[in-house]
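One structure below.
The values are calculated or read from the model by the stated rules, or taken from the named source; none is laboratory data. Remember, it's a predicted structure, so these values are computed and weren't measured experimentally. A quick note on method: Cβ atoms are made from the backbone with ideal geometry, for glycine too, and the neighbour counts reach across all protein chains shown. Just the protein is used for accessible areas: all its heavy atoms, side chains included, with ligands, DNA and RNA removed. Shrake-Rupley method; radii C 1.70, N 1.55, O 1.52, S 1.80 Å.
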Amino acid sequence: AEVVLSTITDINVALQWIKSTFLYTRIQKNPTHYGIPEDMPLEMVEKKLLDLCVEALKDLDAAGLVCLTEDLVLNATDLGRIMARYYISFETMKRLKCIDSGIDSLKEVVEYVSACKEFADLRLRVTEKRVLNSLNKDKNRETLRYPLDGRIKTTEMKVNCLIQATLGSLPIAEMSLSQDAQKIFRNGVRLMRCLVDCLMIDGGFKLLSSALILSKCFKARLWENSKLIARQLDKIGVTMATALANAGMTTWSKIEEANPRLLELIVNRHPPFGSQVHDLVAALPRLELFCSQDGKVSDEDASVRLVVKLSNADQLHSARGSISAYHCSVLVVGDGDNKVLLRQRL
């Protein structure tokens, strides 16, 4: 992060910066805790720190996160800036940067993210296994969208199970698991945004598409095909969203077309609740995609014109409640060979 901010520009500046931190004070007070002999002279301690700095910066350079010249001058790379922006650990960044091109489905991306170091502090407790296994496979209730093989045995499987249970709006009876799920999603949102930014630089079409979908799912805490779509609105929880889904209100258009009084009857609320729901839905961004063919088409080349239009831009600027007046969309175009032809933030 200090390299990205240009606070550290070379090795000597890095050493001076470390000497201004609490770490330097701790090393002087308790050197043995850091593997330094207690009677080592201060000059040798500083040389030891310099060696550690050079080693760490070389590791960052090898991972493509900084650019270290022969003169030991430092510059941040695009990947390094992404790592600093989302406060991602070095091990996780190396993992996200080297994600296998064979991984492209939503299921595989969930599995890959579940093994990141940000979740390493979570523990699989013996008392939690029964609840987790019930969420994974149970003939008498709704279970995970992508069931895990066998029984829950590792922390990685626990993280995967809690991610899918939360996205699927499955009830988590154990309080400790609910708290762990909250922690997972706090880290998961920035992890997915980091992965998307990395893939926007270089990534296959299928993997980028799956990562974008999962990033949206983490933000909304719902699967992209969930019928409980109303959960994304203010003052509507799982119970109300389930009631609306059971009544057939599974799309924004159906909710908007329904009579406000009918919505109030379904969720057992008084007026003007239905009108407020209508206002929130009306303020959602409505994107229209126009595609036209330009010029001549041959066996090797074709020119296509894409136009993305925000049809209700005026309403968004005056929106209130849970709907922000500012939105971001990503346009991704790929071909049959899994190559990205266009990646553009709108």
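Summed over region 92-106, the residues that are surrounded by fewer than 16 Cβ atoms within 10 Å (Cβ to Cβ) and either of a type in the set (Ser, Thr, Tyr) or under 21 Å from LEU162 (Cβ atoms) (or both) give a count of 2.
Restricting region 177-204 to residues that are more than 25 Å from GLY102 (Cα to Cα) and without any contact (Cβ under 8 Å) to a residue 12 or more places away in the chain leaves a set whose member that is least open to solvent (accessible area, probe 1.4 Å) is SER178. Within region 46-58, residues that are more than 15 Å from VAL73 (Cα to Cα) sit with their Cβ atoms under 8 Å from residues that are β-branched (Val, Ile, Thr), at 6+ positions apart or across chains, in these pairs: LYS48/ILE36; LEU49/ILE18; LEU49/ILE27. With respect to the conditions (1) closer than 20 Å to LEU331 by Cβ; (2) modelled with pLDDT of 95 or more; (3) of a type outside the set (Lys, Arg), MET200 lacks only one, and its number is (2). Residue count for region 140-173 satisfying the condition of being out of contact with any Leu (no Cβ under 7 Å at 6 or more places or on another chain), part of a loop (DSSP other than H, G, I, E, B) and among the hydroxyl-bearing types (Ser, Thr, Tyr): 1. Of all the criteria given as (1) surrounded by fewer than 12 Cβ atoms within 10 Å (Cβ to Cβ); (2) touching a helix residue (DSSP H, G or I) at 6+ places or on another chain (Cβ under 8 Å), the one not satisfied by ALA283 is (1). Screening region 326-346 for residues that are among the aliphatic types (A, V, I, L, M) and touching a helix residue (DSSP H, G or I) at 6+ places or on another chain (Cβ under 7 Å) and picking the one that is most open to solvent (accessible area, probe 1.4 Å) gives VAL330.
Out of the helices (runs of 4 or more DSSP H) lying entirely within region 223-282, which hold 2 or more residues that are in contact (Cβ under 8 Å) with a residue 24 or more places away in the chain? Filter on region 223-282 gives 238-246, 252-257, 273-282. Filtering region 126-140 for residues that are within 15 Å of LEU195 (Cα to Cα) and touching a residue at least 24 places away in the same chain (Cβ under 8 Å) leaves an empty set.
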